[in-house]
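The values are calculated or read from the model by the stated rules, or taken from the named source; none is laboratory data. This structure is a prediction, so every number in the text was calculated from the model and none was measured. With ideal geometry, Cβ positions are generated from the backbone for all residues, glycine too; neighbour counts draw on all protein chains shown. Accessible surface is based on the protein model in full, side chains and every heavy atom, while ligands, DNA and RNA are left aside. Shrake-Rupley method; radii C 1.70, N 1.55, O 1.52, S 1.80 Å.
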Amino acid sequence: MSAVAKPFRRLFLPAGAMLGAAFVGIQFVHPPLENPPVTGDFQAPVAVKSIVQRACYDCHSNQTNLRWFDKVAPVYWQVADHVKDGRAGLNFSTWQSLPPADQKAKLWEAVNQIIAGAMPLNEYTLAHPAAKVSAQDVAVLKQYVASLAKNPPADTAKLNAADRQYRHWQPGAAQPAAVPVAPNGIAYLPDYKNWQAISTTERFDNGTMRVIFGNAVAVKAIRDKHINPWPNGTAFAKVAWDQLADAQGNVRPGAFKQVEYMLKDDQKYAATKGWGWARFKTPKLVPYGKTALFTTECIRCHQPMKNNDFVFTQPLSH
Ligand code: HEC
Ligand code: HEC
């Protein structure tokens, strides 16, 4: 048989057979997914650890347990990517190498992402329903994170700080001479005090209270249900105060801690996911970050909300 005949004949293979051959072929394209050694596994009470193991370990540990259907390409390629990216941001198998403060911050972030519905990934729980996290599981995790908090409620230092600030804000008290500007060029916007409160949250691990304000564009977008993506001109301010609790357990805001902004402009801020990010700390409004690169920290933590335009706060629907 001549050498030309073979390719010619291949052209006439039925389409189904060709697809089948392609399917078998791609099974050999398996970039390796290894389980590196566990050097410092996450330690927590059994009730907590079992939830995390069941729902998070496939992507956030070195003990990934792929089921047969995960190993079939092209699904496998996506799974391998999720594991690679998941481990890079959070790895429970190297947990002990994180300083305790970072462990607490990561856990807080993890619980928030579960509450926000970003984790575990939906495409994963579809195929692995056992990994779903129930409301009861969330309560267990929240309680654990809260139990790690050191601050007892209502200490006198916090009350004094609130009083000092209150005196500072009396009419006629000195205002900062110049408007502070973040390293990426975003200036402090005092006007947020006139925006509308969209949501409040309580950071259950470190005793702060937060209110999220939205400007008129944000409020209109919520009313019109045009919030994904949010329109250009949307602005959010998230303000945090100490949380003061009295003997009856009522809480009220104490000293001002910081204000953070997200300003939407998909052209101007294209390099930072369409948002301008800024944070000003303490009543002196000290801009956060040494260089404009501080925004990578903001984006990394907001990344799991990428399908919601990077915004955590989901306004209640009316
Ligand atoms: C199917 C894989 C998968 C599962 C299961 C999963 N995650 Fe993730 N997770 C990811 C990926 C991928 C990222 C990287 C961010 C992105 O691309 O959205 C991530 C990012 C995160 C981050 C941000 C880490 C950082 O960069 O600071 C946290 C926190 C997180 N996941 C918590 C959890 C928790 C808690 C669970 C279990 C309840 C969980 N994830 C389950 C894949 C997964
Ligand atoms: C440790 C994770 C984390 C980091 C880092 C982070 N954020 Fe957030 N951010 C959140 C969470 C969670 C919320 C949701 C509200 C809440 O629970 O406080 C939020 C909410 C916000 C909001 C209100 C809009 C929304 O998404 O709900 C703004 C504004 C904001 N963050 C700005 C920033 C800026 C600016 C930075 C960087 C200087 C930053 N954030 C860094 C976790 C983070």
Fill in: Label-to-label distance, nm, for residues given as residue 199 and residue 49 (7 Å Cα→Cβ offset)
3.3 nm
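Find the accessible area per residue for the stretch 46-148; the probe is 1.4 Å, ligands and nucleic acids are left out, and the unit is Å². Write out the running numbers ahead of the final one.
Details: 5220 Å² over 103 residues.
Accessible area per residue: 51 Å².
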Worksheet item: Of the peptides 136-145, 260-269, 121-130, how do they stack up when ordered by the mean number of other Cβ atoms within 10 Å, highest first?
Response: 260-269, 136-145, 121-130
Fill in: Estimated distance in nm for a label pair at residue 285 and residue 270, the labels positioned 7 Å out from Cα along Cα-to-Cβ
3.1 nm
Worksheet item: For the stretch 219-236, what does the Karplus curve 6.51 cos²θ - 1.76 cosθ + 1.60, with θ = phi - 60°, yield as ³J(HN,Hα) per residue in whole Hz, taken in order and with x for Gly and Pro?
Response: 5, 5, 4, 5, 4, 7, 6, 10, 10, 8, x, 6, x, 4, x, 4, 9, 10
Worksheet item: In Å, what Rg and Dmax follow from the Cα atoms of the stretch 30-74?
Response: 12.5, 37
Fill in: Projected-area average for the stretch 46-148 over all orientations - Cα convex hull basis, square nanometres
6.4 nm²
Practice prompt. Measure up 193/273; 193/257; 71/106 against 19 Å on the Cα-Cα distance and list the ones that go over.
Written response: 193/273; 71/106
Worksheet item: At a probe radius of 1.4 Å, what is the per-residue accessible area of residue 66, in Å² to the nearest 10?
Response: 40 Å²
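Can you order the peptides 57-63, 286-292 by their average number of other Cβ atoms within 10 Å per residue, highest first? Can you show the working numbers first?
Details: 57-63: 21.4, 286-292: 13.4.
Peptide ranking by packing, descending: 57-63, 286-292.
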Item to complete: May I ask you to list the residues of the stretch 122-142 whose amide nitrogen lies under 13 Å from a point 7 Å from Cα along the Cα→beta-carbon direction of residue 67?
Response: 123-132
